[in-house]
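One structure below.
The values are calculated or read from the model by the stated rules, or taken from the named source; none is laboratory data. Owing to the predicted nature of the structure, the values given are computational and were not obtained by experimental measurement. FYI the Cβ positions are ideal-geometry reconstructions off the backbone, even for glycines, and counts take in every protein chain you see.
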């Protein structure tokens, strides 16, 4: 099932991707955008367990996890999880590869593949302040369908740190 684009190879995540994805999470955790997402544990045993679960879904269409590779290097991943009315997507790319069109190229190829599976609706959530992510989703044809208050962290006094999350939809 590997998908080749002009520059990339996209394939299901396997257990051998553990270290690469750990590096992507370490990079993400140090970014200004990490406050807009659930924390990604980079403890070896927790990364191994999560990637093992992802790799186990390789034959599934309920949960699909794709490694995006430039040559032999995993530069990011894209996930699709079945929901009541379609699929929800999430993604993360190492910052060294931001702004080069890799995410857009890989999503376009995956949308073609998903179309062959009869998938017609995809949703994505991102902080409205995460301008690069919002721009990517809009460039892919997603439209803002709503907003919600979201919190993944607490301040020093235990109060939720809340931000405005955008709910984006794409009908393919």
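Brief remarks follow.
- Counting the residues of segment 32-53 that are modelled with pLDDT of 95 or more and under 15 Å from residue 97 (Cβ atoms) gives 0.
- Those residues of segment 58-70 which are without any contact (Cβ under 8 Å) to a residue 40 or more places away in the chain and closer than 27 Å to residue 98 by Cβ, in sequence order: 63
Yes or no, residue by residue, for (1) in contact (Cβ under 8 Å) with a residue 12 or more places away in the chain; (2) farther than 26 Å from residue 172 by Cα; (3) out of contact with any helix residue (DSSP H, G or I) (no Cβ under 8 Å at 6 or more places or on another chain):
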position: 20; (1), (2), (3): yes, yes, yes
position: 25; (1), (2), (3): yes, yes, no
position: 48; (1), (2), (3): yes, yes, no
position: 76; (1), (2), (3): yes, no, no
position: 103; (1), (2), (3): yes, no, no
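To keep it simple, each residue is scored yes or no on (1) exposed (fewer than 12 other Cβ atoms within 10 Å of the Cβ); (2) more than 16 Å from the chain's Cα centre (by Cα); (3) not in a strand (DSSP E or B).
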position	(1), (2), (3)
125	no, no, no
133	no, no, yes
144	no, yes, no
147	no, yes, no
170	no, no, no
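- Of all residues in segment 144-162, exactly one satisfies the criterion of being in contact with a helix residue (DSSP H, G or I) (Cβ under 9 Å, 6 or more places away or on another chain) and modelled with pLDDT of 95 or more, namely 144.
- Taken over segment 26-51, residues that are assigned to a helix (DSSP H, G or I) and farther than 20 Å from residue 134 by Cα amount to 9.
- Selection count, segment 35-45, where residues are out of contact with any strand residue (DSSP E or B) (no Cβ under 9 Å at 6 or more places or on another chain) and surrounded by 13 or more Cβ atoms within 10 Å (Cβ to Cβ): 2
- Selection over segment 133-172 of residues that are in contact with a strand residue (DSSP E or B) (Cβ under 9 Å, 6 or more places away or on another chain) and either touching a residue at least 24 places away in the same chain (Cβ under 8 Å) or under 26 Å from residue 64 (Cβ atoms) (or both) gives a count of 27.
- Residue check for residue 165: outside any helix (DSSP H, G or I) and buried (at least 17 other Cβ atoms within 10 Å of the Cβ): yes
- Tally, over segment 72-113, of residues that are farther than 17 Å from residue 12 by Cβ and not in a strand (DSSP E or B): 15
- Looking only at residues of segment 70-91 that are buried (at least 20 other Cβ atoms within 10 Å of the Cβ) and within 19 Å of residue 4 (Cα to Cα), we find that the one that is nearest to the chain's Cα centre (by Cα) is 91.
- Once segment 52-69 is narrowed to residues that are touching a helix residue (DSSP H, G or I) at 6+ places or on another chain (Cβ under 6 Å) and under 25 Å from residue 31 (Cβ atoms), the residue that is surrounded by the most Cβ atoms within 10 Å (Cβ to Cβ) is 68.
- Among the residues making up segment 3-17, those that are under 11 Å from residue 102 (Cβ atoms) and either in a strand (DSSP E or B) or under 17 Å from the mean Cα position of the chain (by Cα) (or both) are 8, 10.
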